[in-house]
Amino acid sequence: MSLIQTKNLHLHYGNFHALKDVNIEIGRNEVVALIGPSGCGKSTYLRTLNRMNDLIDGTSIKGEIIIDGQNIYDKKLDVNELRKKVGMVFQKPTPFPKSIFENVAYGLRVNGIHKKAEVEETVEQSLKQAALWDEVKNDLKKSALALSGGQQQRLCIARTIAVKPEIILMDEPTSALDPLSTLQIEQLIEELRKTFTVVIVTHNMQQAYRISHKTAFFYLGELIEYADTKQLFENPQHERTKNYVQGKFG
Ligand SMILES: Nc1ncnc2c1ncn2[C@@H]1O[C@H](COP(=O)(O)OP(=O)(O)OP(=O)(O)O)[C@@H](O)[C@H]1O
């Protein structure tokens, strides 16, 4: 069974129909890219996966999202547990004005893990997994705000990993970064997929092509095509997808 099943999903912002009958299945350890022109609903869909849209007034949702066999919109679901399982990394790095160590330890402490040795070990492991350890291991007490943009983004990934999610959502995680930092994050995603499932919104089609197994193309709130990435880019089945991936609009 797929890890994430999205069935007949509709989302409204007030009267505005932002997602229209979206159906997507995502398997464990897959990297799935969400592409499409500005305003087509990519970020909206991403946010439905950890119920971040609950925080936006006037949002209503129909349909189902099932993660690990559980409907995440079930009234009995603990949203904090869900967000532990489904972590999120944003477009702009969002480190807290704390030390590098405390940034990564934050989620652990919030989740009641206070044993010094356990916290230290998880912080080190998470920084290693986020490919940042070697650059910061001697500066763990330094402010996270002193890191470069690319390092800050890897730190945010380490912070997300520290609470051991199953799924990592990334909303244009490299759009604020230089090409080298972008490459580092792309290489990191390649590593992360061994442990996690990654769903990533990107405007960069080469990036989607390079890093994802499957790609979903959205247009005006509809999922037009969802296929293996190679197929979607090299042999799209829909005219709209073809025009978009060939750069004819967007
Ligand atoms: N909080 C909100 N309230 C009302 N409408 C919204 C809200 N957030 C997004 N929308 C609208 O929903 C549609 C989809 O927006 P969304 O941000 O999901 O698109 P996107 O594909 O991620 O765009 P971009 O690539 O520009 O980030 C857009 O028309 C947008 O204006």
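The values are calculated or read from the model by the stated rules, or taken from the named source; none is laboratory data. Everything quoted here is computed from the prediction, not taken from an experiment. Backbone-built Cβ (ideal geometry, glycine too); neighbour counts: all protein chains shown. With ligands, DNA and RNA removed, areas are computed over all heavy atoms of the protein, side chains included. Shrake-Rupley method; radii C 1.70, N 1.55, O 1.52, S 1.80 Å.
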Contacts under 7 angstrom Cβ, first residue in the range 139-150 being surrounded by 14 or more Cβ atoms within 10 Å (Cβ to Cβ), partner among the basic types (Lys, Arg), 6 or more apart: ALA144/LYS98
Can you say whether PHE16 is surrounded by fewer than 21 Cβ atoms within 10 Å (Cβ to Cβ), near the ligand (Cβ under 9 Å from one of its atoms) and among the hydrophobic types (A, V, I, L, M, F, W, C), as far as the supplied structure shows? yes
Selection count, the range 119-131, where residues are part of a loop (DSSP other than H, G, I, E, B) and either more than 19 Å from LEU180 (Cα to Cα) or open to solvent by 40 Å² or more (accessible area, probe 1.4 Å) (or both): 1
Give GLU186, GLU166, GLU191 a once-over and let me know the one that is open to solvent by less than 60 Å² (accessible area, probe 1.4 Å) and in contact (Cβ under 8 Å) with a residue 60 or more places away in the chain. GLU166
Strands (runs of 3 or more DSSP E) fully within the range 132-221 counting 3 or more residues that are of a type in the set (Phe, Trp, Tyr): 214-219
Inside the range 210-221, can you point out the residues that are open to solvent by less than 90 Å² (accessible area, probe 1.4 Å) and either at pLDDT below 95 or farther than 24 Å from LEU188 by Cα (or both)? PHE218, TYR219, GLY221
Looking at (1) assigned to a strand (DSSP E or B); (2) open to solvent by 60 Å² or more (accessible area, probe 1.4 Å); (3) within 16 Å of the ligand (Cβ to nearest atom), find the lone condition where ASN23 falls short. (3)
Of these, ALA18, ALA105, ALA117, which one is within 23 Å of GLU191 (Cβ to Cβ) and modelled with pLDDT of 95 or more? ALA105
In the range 166-215, which residues are in contact with a strand residue (DSSP E or B) (Cβ under 7 Å, 6 or more places away or on another chain), among the charged types (D, E, K, R) and more than 16 Å from the ligand (Cβ to nearest atom)? GLU166, ARG193, LYS214
Quickly run through the range 197-211 and pick out the residues that are touching a Lys or Arg at 6+ places or on another chain (Cβ under 9 Å) and farther than 24 Å from GLN246 by Cβ. THR197
Among the residues of the range 45-65, what is the count of those that are away from the ligand (no atom under 13 Å from the Cβ) and either within 16 Å of ASN80 (Cα to Cα) or not aliphatic (A, V, I, L, M) (or both)? 5
Of all residues in the range 232-241, count the ones that are open to solvent by 80 Å² or more (accessible area, probe 1.4 Å) and either touching a helix residue (DSSP H, G or I) at 6+ places or on another chain (Cβ under 9 Å) or more than 16 Å from the ligand (Cβ to nearest atom) (or both). 5
Out of curiosity, is GLN246 free of Cβ contacts under 8 Å to residues at least 12 places away in the same chain and within 19 Å of the chain's Cα centre (by Cα)? no
